[in-house]
Amino acid sequence: MDRIAALRVFRRVIELNGFAAAARDLDLSNAAVSKIIKDLEADLGTPLILRTTRSLRLTDTGHDYFNQITRILDELGEAEDAVRSSGGEPRGVLRVSAPLSLGLVLLSPILARFAARYPQLELDVEFGDQPVDLIEGRFDLAIRGGLLQDSSLKARKLMGIERVVCASPDYLARCGTPESPDELSGHRCLIYSLSPTPRSWVLEKDGESIRIAVDGGFRANNSLAVREAAIEGLGVALLPKIYAADALASGRLVRVLPDWGGELHALYGVYPQHREASLKIRALLDFLVGAIKEVLA
């Protein structure tokens, strides 16, 4: 039995919570995955997984074994990367998850420059606005905006995210311009549905904070779609300033309540704690910080 290969199969079975899911992920048959786990348990002389027709769970021994072999496999992967990168240049595959909107507005050219800078590195980027599980998705790094929730991940701040309230001149001419945050409740407010609190906005001014209930006839899970709805005069939007900047500069959008801004958010590069020493992750984070600062200067 190839012990390292068997350990990798065991790990994916647990991470994906199923034999069939692990088989698909590893491009193996269900029967092959099942045999590998049975052979591993037989070799160890103890069951690792308790199986039922609908679920599986680790035995106490299996739980301890999983934690130990996960650390060992991660350290092995880091050692292999270090050997490949012994000349100081990161090598291997680097899987990255990033928001779609931010990819279109900011990140795509930066990531392309990074790939050109490190030709020995295979960069695999998946853009999407839905949060991903780094472990299940086998991502090395995720670029995330907003407020960080998962304390099991390490994070490096890439940039601050200023958010502004804005609307089109046409909408304001038809519906009036709000003079205070309270007046937003009487307006059609455009909803970013992936927000943790999509129907309430937190606005801040000089240390003062207020939460406003909002609603309207348009919801989208993409900030650029919300921006376009605002430009078309459908209502008032709370947008990251980086997404609204061009429309504000051209007059297609106008700042509303200019003394108030959205709750301060930031953009982070996040990665599993055990990957902190990874040369390829550090190389990308350093490049992102420098390139974003240059673009926004």
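Taking loop as defined by DSSP and a crowding limit of 12 other beta carbons within 10 Å, which trypsin sites (Lys or Arg not before Pro) in region 52-139 fit?
Arg54
Can you work out the accessible area per residue across region 100-259, with the rest of the protein chains kept in place, probe 1.4 Å, in square angstrom?
51 Å²
Report ³J(HN,Hα) in whole Hz for each residue of region 94-104, in order, from the Karplus equation J = 6.51 cos²θ - 1.76 cosθ + 1.60 where θ = phi - 60°; Gly and Pro get x.
So the Karplus estimates, Gly and Pro as x, are 10, 9, 10, 10, 9, x, 5, 4, 5, x, 5 Hz.
Whose amide H sits under 5 Å from the amide H of Ser200, counting only residues 5 or more places off or on another chain, with H placed in the peptide plane?
It is Val214, by chain and number.
Hey, how many Å between the Cα centroid of region 242-261 and the Cα centroid of region 58-135?
36 Å
In the chain, how many lysine pairs have Cα atoms under 18 Å apart, counting only pairs 8 or more places apart or on different chains?
Number of lysine pairs found: 6.
Comparing Asp74, Asp60, Asp124, which has the greatest mean-square fluctuation in the GNM of the chain with Cα pairs linked when under 10 Å apart?
Most flexible of the set in this elastic network: Asp60.
Out of Gly217, Gly235, Gly269, any idea which swings most in a Gaussian network model of the chain, alpha carbons joined below 10 Å?
Among Gly217, Gly235, Gly269, the largest mean-square fluctuation in the Gaussian network model of the chain belongs to Gly217.
For the chain, which whole-number percentage of the solvent-accessible area (1.4 Å probe, protein heavy atoms only) is attributable to carbon and sulfur atoms?
Looking at the chain in its full context, I get 50 percent from C and S.
³J(HN,Hα) across region 56-73 via Karplus (A = 6.51, B = -1.76, C = 1.60, θ = phi - 60°), whole Hz, x for Gly/Pro?
Calculated HN-Hα couplings, in order: 9, 8, 7, 6, 4, 5, x, 5, 5, 5, 4, 4, 6, 6, 4, 5, 5, 5 Hz.
If r is the Cβ-Cβ distance from Gln120 to Leu76 and R0 is 22 Å, what FRET efficiency results, to the nearest 0.05?
About 0.65, to the nearest 0.05.
Please figure out what share of the DSSP beta bridges in the chain is antiparallel and state it in percent, rounded to the nearest 5.
Expressed as a percentage, antiparallel bridges in the chain total about 70.
Subtracting the Cα-Cα distance from 0.36 nm times the residue separation, let me have the gained length for Arg95 to Arg199 in nm, one decimal.
Result: 34.1 nm gained on full extension.
I need the phi-derived Karplus couplings for region 235-244: 6.51 cos²θ - 1.76 cosθ + 1.60, θ = phi - 60°, integer Hz, Gly and Pro marked x.
x, 9, 10, 10, 10, x, 4, 4, 7, 9
Once amide H atoms are placed 1.01 Å from N in the peptide plane, what residues at a sequence separation of 5 or more from Ala266, or on another chain, have their amide H within under 5 Å of its amide H?
Close amide H contacts, sequence-distant or interchain: Gly146, Ile161.
What order, most packed first, do the peptides 175-185, 96-106 have when packing is the mean number of other Cβ atoms within 10 Å of each residue? Let's see the in-between values first.
Working: 175-185: 14.8, 96-106: 20.9.
So the order, starting with the most tightly packed, is 96-106, 175-185.
Under 10 Å, Cα contacts only: if you run a Gaussian network model on the chain, which one of Ala237, Ala247, Ala42 comes out with the highest mean-square fluctuation?
Ala42
If you place +1 on the Cβ of every Lys and Arg, -1 on the Cβ of every Asp and Glu, and leave all else neutral, what size is the dipole of the chain about its Cα centre, to the nearest 20 Debye?
For the chain, the charge dipole is close to 340 debye.
Please list the non-local residues whose amide H lies under 5 Å from the amide H of Leu253, H modeled 1.01 Å from N, same-chain partners needing a gap of 5 or more.
For Leu253, whose amide H was placed from the backbone, the distant partners under 5 Å are Leu248.
The values are calculated or read from the model by the stated rules, or taken from the named source; none is laboratory data. Because the structure is predicted, anything quoted here is derived from the model rather than measured. Cβ atoms come from the backbone with ideal geometry, glycine included; neighbour counts cover every protein chain shown. For the accessible areas, the whole protein counts, side chains as well, though only heavy atoms, and no ligand, DNA or RNA atoms are used. Shrake-Rupley method; radii C 1.70, N 1.55, O 1.52, S 1.80 Å.
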